[in-house]
Ligand code: HAM
């Protein structure tokens, strides 16, 4: 006997209940995002590898360790997308979207791929929903994006969310900080893991991304980026905070929040649910004012974020919040003899056309077996079609909760089923 093929490590099967919740989140978030003026964009699940190397940064964990890279049959280097910002930026430039009214607000939903060590809340294939607003440097936009990110999670009823914000400044002020950080890190090289020690000279900010506890401890008294941010960027950050205060969104300042991508500038933020354990970031984002021009596009400042859908699902589960209830089965059509089957089929189709949820008995089972099936599927009613019913042009509607039965015309049945739903 051959071994069964199982799913790859770090991937998941979404069985109906979980898939229903996934789709519910996608749908409800879409409505929420649309209120803020976002429109959908769909980009490929794989892109040229260099897109991610250039935008996320060659020395980030994502590019160095986590990208699914492959060569296609013509030997071109490709990568499964590890995130959605770089593809959206590429599409923005490639399709001249700067011609649209600004900021151009786009959202996306889809699977991302990162070769990480799988654990609760961390997968190799996972769902993200993200939003990118391109073409404005207004601090009100930063606040609005943070409000959207936090607001959607709060709208699901998730309690004890923690919003962390920081500013990384522009490229100029960040240069001064990086010099100070390098000095600090070089003074304690032995306390950092190998990867981090190598990063000190190449890209010291990336030391903050390290998942090793000892490295995080060694960073405790590191210089804080906010202390090096120029006056202009400080004023920008102050304005962002004023807007957040105005709508009473609570946040904490986290001077270590530099996030794992090279493209961030100025405002960065994350929403966490601390009780979730190691993988407690539900969403994160920030400004990336240079990414579009660095990638050969126009000089367009931008900001965005993405949330991890599986982590939202874990958060909901951990707080026993049920946001989705499957619609009931309005009726189960039961037929007695082969002669009534076509009538049963026609009736089922008619009722579905009236937006009722209907199933019918299949495979010639007895009336008793069909009623049992209706019960199992928790149908509200059963609609019985036998010889008498066909002759009288009536249907027998049985309420499966009370056991009551009545004979109704097709139109009366529709009204009754609607009443009960
Ligand atoms: P990110 O912080 O890498 O940001 O990912 C956003 C969210 O995706 C995380 O907060 C987390 O909920 C989820 N996530 C990340 N990795 C995994 C994983 N391995 N398994 C399950 N969930 C995961 C970005 O991706 C940026 N592109 C966000 C952004 C948009 N910044 C600006 N615009």
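Only a single criterion out of (1) out of contact with any strand residue (DSSP E or B) (no Cβ under 7 Å at 6 or more places or on another chain); (2) surrounded by fewer than 21 Cβ atoms within 10 Å (Cβ to Cβ); (3) within 23 Å of residue 262 (Cβ to Cβ) is not satisfied by residue 83, namely (1). Look at (1) surrounded by fewer than 19 Cβ atoms within 10 Å (Cβ to Cβ); (2) more than 16 Å from the chain's Cα centre (by Cα); (3) within 12 Å of the ligand (Cβ to nearest atom) and you find that residue 55 fails only one, number (1). Note on the range 287-302: among residues that are touching a strand residue (DSSP E or B) at 6+ places or on another chain (Cβ under 6 Å) and within 14 Å of residue 97 (Cβ to Cβ), the one that is farthest from the ligand (Cβ to nearest atom) is 300. Against the conditions (1) surrounded by 15 or more Cβ atoms within 10 Å (Cβ to Cβ); (2) more than 30 Å from residue 293 (Cβ to Cβ), residue 185 satisfies every one except (2). So is residue 150 at pLDDT 95 or above and either part of a helix (DSSP H, G or I) or surrounded by fewer than 15 Cβ atoms within 10 Å (Cβ to Cβ) (or both) or not? Against the criterion (at pLDDT 95 or above and either part of a helix (DSSP H, G or I) or surrounded by fewer than 15 Cβ atoms within 10 Å (Cβ to Cβ) (or both)), residue 150 qualifies. Within the range 232-272, the set of residues being near the ligand (Cβ under 10 Å from one of its atoms), touching a strand residue (DSSP E or B) at 6+ places or on another chain (Cβ under 8 Å) and on the phi < 0 side of the Ramachandran plot comprises 264, 268, 269, 270, 271, 272. The set of residues in the range 173-219 that are under 25 Å from residue 265 (Cβ atoms) and in a loop (DSSP other than H, G, I, E, B) comprises 203, 210, 211, 219. Of all the numbered requirements in (1) modelled with pLDDT of 90 or more; (2) over 31 Å from the mean Cα position of the chain (by Cα), residue 198 misses one, and that requirement is (1). Among the residues of the range 160-172, those identified as in a loop (DSSP other than H, G, I, E, B) and either at pLDDT below 90 or at negative phi (or both) are 161, 168, 170. Restricting the range 303-339 to residues that are away from the ligand (no atom under 13 Å from the Cβ) and under 25 Å from residue 144 (Cα atoms), which is farthest from the chain's Cα centre (by Cα)? Ranking the candidates gives 323 first. Residue-level analysis places residue 69 among those that are surrounded by fewer than 18 Cβ atoms within 10 Å (Cβ to Cβ), touching a helix residue (DSSP H, G or I) at 6+ places or on another chain (Cβ under 6 Å) and either free of Cβ contacts under 8 Å to residues at least 24 places away in the same chain or under 16 Å from residue 262 (Cβ atoms) (or both). Somewhere in the range 95-105, is a residue surrounded by fewer than 20 Cβ atoms within 10 Å (Cβ to Cβ), closer than 19 Å to residue 63 by Cα and more than 9 Å from the ligand (Cβ to nearest atom)? No; the residues of the range 95-105 include none that is surrounded by fewer than 20 Cβ atoms within 10 Å (Cβ to Cβ), closer than 19 Å to residue 63 by Cα and more than 9 Å from the ligand (Cβ to nearest atom). Can you find even one residue in the range 135-143 that is surrounded by 23 or more Cβ atoms within 10 Å (Cβ to Cβ), more than 30 Å from residue 7 (Cβ to Cβ) and within 11 Å of the ligand (Cβ to nearest atom)? No; the residues of the range 135-143 include none that is surrounded by 23 or more Cβ atoms within 10 Å (Cβ to Cβ), more than 30 Å from residue 7 (Cβ to Cβ) and within 11 Å of the ligand (Cβ to nearest atom).
Among (1) in a strand (DSSP E or B); (2) touching a residue at least 60 places away in the same chain (Cβ under 8 Å), which single condition is residue 260 missing? Checking residue 260 against (1) in a strand (DSSP E or B); (2) touching a residue at least 60 places away in the same chain (Cβ under 8 Å), the one that fails is (1).
If you go through the range 274-286 and pick out every residue that is part of a loop (DSSP other than H, G, I, E, B) and more than 10 Å from the ligand (Cβ to nearest atom), you end up with 2.
To keep it simple, each residue is scored yes or no on (1) under 16 Å from the mean Cα position of the chain (by Cα); (2) touching a residue at least 60 places away in the same chain (Cβ under 8 Å); (3) more than 10 Å from the ligand (Cβ to nearest atom); (4) over 24 Å from residue 294 (Cβ atoms).
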residue	(1), (2), (3), (4)
44	no, no, yes, no
82	yes, no, no, no
121	yes, yes, no, yes
133	no, yes, no, no
160	no, yes, yes, yes
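One residue is enough: does the range 7-26 have a residue meeting the conditions farther than 18 Å from residue 116 by Cβ, without any contact (Cβ under 8 Å) to a residue 60 or more places away in the chain and either touching a strand residue (DSSP E or B) at 6+ places or on another chain (Cβ under 8 Å) or part of a strand (DSSP E or B) (or both)? No, the conditions are met nowhere in the range 7-26.
The values are calculated or read from the model by the stated rules, or taken from the named source; none is laboratory data. Computed from a predicted structure; not experimentally measured. Glycine gets a Cβ as well: all are built from the backbone with ideal geometry, and neighbour counts include every protein chain shown.
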